[in-house]
């Protein structure tokens with residue numbers, strides 16, 4: 001049988017463990033919507049893919065809504081540039097926008113700031129409009 005004195009000596013340990021577990025549990029859950037974060041990540045991923053695979057016309061075209069891919073001149077511009085989002089995408093349902101900078105690869109000159117729009121088709125985000133400077 002455990003004496004009261006033994007429990008009293010162990011009391012601070014139990015209090016410490018209870019506070020530690022309570023603190024850990026309070027930090028779990030709640031917070032942001034994981035779907036929103038995955039959508040943000042997916043949209044940013046599509047944006048980055050646009051310049052990563054711009055040298056492959058078929059893969060590049062597949063990132064866009066049917067008929068929305070830039071003309072050949074725009075695709076070629078992206079083979080020599082990269083895109084940098086100015087902030088997180090703004091997402092509303094199945095549409096999103098990102099304000100982005102188009103930056104020249106050689107020299108880092110900013111060519112301009114544009115807003116691209118995206119639409120979710122099924123489970124995939126695609127580029128709807130991609131103006132270039």
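Quick note: the coordinates plus some simple rules give every number you see, no bench work behind them. Since this is a predicted model, take the numbers as computed values, not measurements. Every residue, glycine among them, receives a Cβ derived from its backbone with ideal geometry; neighbour counts consider all protein chains shown.
Given the range 34-129, report the % of alpha carbon pairs whose separation exceeds 17 Å.
Here the tail beyond 17 Å accounts for 47 percent of pairs.
Going by how many other beta carbons lie within 10 Å of each one, how would you line up 43, 102, 65, fewest first?
Ordered from fewest to most neighbouring Cβ atoms within 10 Å, 43, 102, 65 come out as 65, 102, 43.
Output the Kirkwood hydrodynamic radius of the range 61-117, Cα pairs only, in Å rounded to one decimal.
12.5
Could you calculate the FRET efficiency of residue 80 with residue 120 from 1/(1 + (r/R0)^6), where r is the beta carbon distance between them and R0 is 41 Å, rounded to 0.05?
Efficiency for this residue pair is about 0.90.
In what order do 118, 60 fall by count of nearby beta-carbon atoms within 10 Å, going from fewest to most?
Exposure proxy ranking, most exposed first: 60, 118.
How far is the Cα center of the range 57-107 from the Cα center of the range 118-133, in Å?
The range 57-107 and the range 118-133 have Cα centres spaced 9 Å from each other.
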